[in-house]
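Notes follow once the structure below has been shown.
The values are calculated or read from the model by the stated rules, or taken from the named source; none is laboratory data. Computed from a prediction, not measured in an experiment: that's the story for all the values here. Cβ placement follows ideal geometry from the backbone for every residue including glycine, while neighbour counts extend to all protein chains displayed. Side chains are part of the model used for accessible areas, which takes the heavy atoms of the whole protein and leaves out ligands, DNA and RNA. Shrake-Rupley method; radii C 1.70, N 1.55, O 1.52, S 1.80 Å.
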Amino acid sequence: MARVVISSAAAFLLLLLWCHAFASFAAASGGRRPPPMLARHLSSSAAALSARQAVTAGGSDPSSMVQYETRWYAQRLDHFNAAPASYVTFQQRYLVNDTFWGGRTAPIFLFAGGEADVELYSNYTGFLWEAAPRFRAMVLFIEHRYYGRTMPFGSREAAFTDASTLGYLTSTQALADYATLVLSLKANLSAASAPVVVFGGSYAGMLAAWMRLKYPHIVVGAVASSAPVLGFYGLADPYAFYDVVTKDFKDESKNCYDVLRKSWNELDDALATEAGRAELNRKFNNICNGNVDMIPELLDAALVGSAMMDYPTTSAAGFRAVRDMCRAIDHPTRSGAGAGAGDAFSRISAAVNVYYSHYAADAADAACFGYASADAAGEPYGGGMVDGWGWQSRTEMVLMTAGVRDGGVARPRSFNFTQMLDEQREYTGLPLRPYWIEAEFGGFDIGNVLRRSASNIVFFNGLRDPWSAFGVLKSISDSIVALVEPQGAHNVDLKFSEKDDPDWLKQVRVKETRIIARWLRQYYRDERISA
């Protein structure tokens, strides 16, 4: 079994941030594709961060645990149509580790791949790797169609040709992929009775929960971390996402919040004049090619990313995202901003620099953030991140993140649903189905609906994560459990454990482990299998 190189958790979560930035800036900018300002930064940050974060973590050693065999499965293009074209197949990548597996009735721990290269998920999801030996479980990561190296029609270029090829990129097709691959794998292993527990975080967490709803005969339970299943039109407050971002910064420092809140008008005024643009070029001297038009997007993305990744553990690199951005604003001379550090632009520049420098792979990367134009940047980690999520976020996964209230930490912007529909249609050429997700997976009156029709799902949410605004925050029944932590961040429960993890985080993982054990005991009792 081949040893793999470990990517950093931080770099992986920046990919999730990129997905959010794509969707929210598209909604706020007339449906245009935003400049992929994080692309170069993302693609180079993983290797450098992996060593210094994993090795110094003091918890589990990811490099000794994340090992797998890469396999391929001939997957059907369309699971829901009997037309001849539906029977075309493509190669779907999946990763397997059977080192711990106890045999044909032992569990399979499945990670439902989301909007990124599957290896990023395997390198990030420490909870699954740490739990697998305790349960004698096989570890299985499946790559989502149109991401990573799993490209229908034979290549990325062919897969992303137009709507006729992209139309097969949907959550329902992805779930059917996972279901058919799991059944095929179990059949090949003569393991029809092996129970499957599905895991996922963020979009992948949504898929995990939905897979339990749609395929309860295939998966016995789901761990859905930071899953914004209630983030759709008619269910969500479109201003709630940035409300959480604002609260995180305001709670950290009132002065930091005030500087950020007031900076947007100052930035707009400066960008409107040659003299102002020259000043921005001097103050933000780490913007690639002096492209000062990128500053608002870089700042917005840093604010959202810091809120998402404001993890409680600092042992990896001594970095706390919101705290350290605010320290750069509140104490600019300490952050190395230099002469004139007290003015707003220097403070904002220092904060942006702190954020992006932390995730840079090397000194060359840290010296320059962003790109001079959208065409200049490659796609992070390749394989569908930009175009794939760009399509999904404008067809079915239209999450309500675009609105920012007056007084928010980001630039205020109103939410206009009619305008959003027009912009999505302009991008895709297709009418949007705003209530499709609710029709397919539910959402309205979710408590009563799931109480009557579902079981064995854990929803984890950390309230410092803006995506928690769209999560299930109250337990629905004895078997549909919400674990909510006020100091939690995005997917923090799925990370590898670290020696400085707070007690509440350790307890979350203990609770998740005990719940999984309960599911499996019940399964074995029901099936009369001696576990």
>> Pairs please, first residue from segment 115-140 and under 11 Å from V66 (Cβ atoms), second anywhere and of a type in the set (K, R) and open to solvent by 10 Å² or more (accessible area, probe 1.4 Å), Cβ atoms under 6 Å, 6+ apart in sequence or on different chains.
In response: G126/K495
>> Regarding segment 456-466, can at least one residue be identified that is out of contact with any Asp or Glu (no Cβ under 9 Å at 6 or more places or on another chain) and either part of a helix (DSSP H, G or I) or surrounded by fewer than 19 Cβ atoms within 10 Å (Cβ to Cβ) (or both)?
In response: no
> Pick from segment 475-517 the residues that are free of Cβ contacts under 8 Å to residues at least 12 places away in the same chain and loosely packed, with under 14 Cβ neighbours inside 10 Å: which of them is nearest to V197 (Cα to Cα)?
Replying inline: R514
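Conditions (1) at pLDDT 95 or above; (2) open to solvent by 20 Å² or more (accessible area, probe 1.4 Å); (3) at negative phi; (4) not β-branched (V, I, T), marked per residue:
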site	(1), (2), (3), (4)
S60	no, yes, yes, yes
S63	no, yes, yes, yes
L77	yes, no, yes, yes
F90	yes, no, yes, yes
A106	yes, no, yes, yes
F109	yes, no, yes, yes
R136	yes, yes, no, yes
> So is S373 among the hydroxyl-bearing types (S, T, Y), modelled with pLDDT under 95 and open to solvent by 40 Å² or more (accessible area, probe 1.4 Å) or not?
Replying inline: yes
